[in-house]
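A quick write-up on the structure given underneath.
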Amino acid sequence: MPRRIAVLTGDVIESRKVGDRPRLYRRLEETLATLAARHGGHGERFRGDGFQLALPRATAAMEAAVTLRAALIEHSEPDQRWDARIAVAIGPAEQGMSEADGETFIASGRALDALSSTPGHLALTLLDEPEDEGLGLLLRFIDDLLDGWSPYAAEVVGLSLGHDTPQQVSQQALAERLGISQPSVHKRLRAARWALLSDSLAYLQRRLDDQASTP
């Protein structure tokens, strides 16, 4: 199987109700830039609340999607929850990352259009594989999990995902970074259902690996 890229296309949910749009846009742009630098990809915001992130390796796709949503939820306004719809498409990298009108980019945009007419906020399309019901169910689980996050839960998950080895970062290290106690970190991670989320993301990373997907 040829190397695959990931394209994430999304938009902020109910952005017209956001009071401080410049702050929202800055947070979105900063997160896109951080993820692009971390994974060697390219990200940009467009049409106000729209955005796209192209990654040269498919394995980082779902972690990046969760990181984007976590950053928005964490910085929500007191009376307005920030979140996003994100459609992820995985496809062959035959034309490279510069072809923004390539098949994978188009598939991601179409999936976002379809997502807007459903209650879901997360979608995954694999262009070179048949539809996988198990993956669909896992995406629904992750989506439902994120919908229940508080800004505090999103913050601690975002910090965890920012490490090279998210599953191994210690609660004490997170506590020192946040300026709170280790029991408080434990409580937030439990509320975020971090153990299940991190295992799910690790599975998806393996599942989307080019070598693991080769028959």
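Laboratory data are not the source of any read-out in this text; all were calculated from the coordinates shown. Computed from a predicted model, the values in this text were never measured in an experiment. Positions of Cβ are backbone-derived with ideal geometry, glycine not excepted, and every protein chain shown enters the neighbour counts.
Below are the figures for this structure:
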{"item": "Rounded, prolate or oblate (a/c below 1.5 giving rounded, otherwise prolate when a/b exceeds b/c) for the stretch 1-56 by Cα gyration tensor", "result": "prolate"}
{"item": "Sorted by Cβ density within 10 Å, fewest first, the residues His121, His186", "result": "His186, His121"}
{"item": "Two-site FRET efficiency, Ala114 against Arg140, from Cβ-Cβ distance with R₀ of 22 Å, rounded to 0.05", "result": "0.90"}
{"item": "Structure-derived Rg and Dmax of the Cα atoms in Å: which label, when the choices are [x] 17.6, 54; [y] 16.7, 50; [z] 23.3, 76", "result": "[y]"}
{"item": "Span-like helix ranges in the chain, DSSP H, alpha carbon extent 30 angstrom or more, Kyte mean at least 0.0", "result": "none"}
{"item": "Ascending count of other beta-carbon atoms within 10 Å, so fewest first, for Phe46, Phe141, Phe51", "result": "Phe46, Phe141, Phe51"}
{"item": "Top of Glu29, Glu155, Glu129 by mean-square fluctuation, Gaussian network on the chain, Cα under 10 Å", "result": "Glu129"}
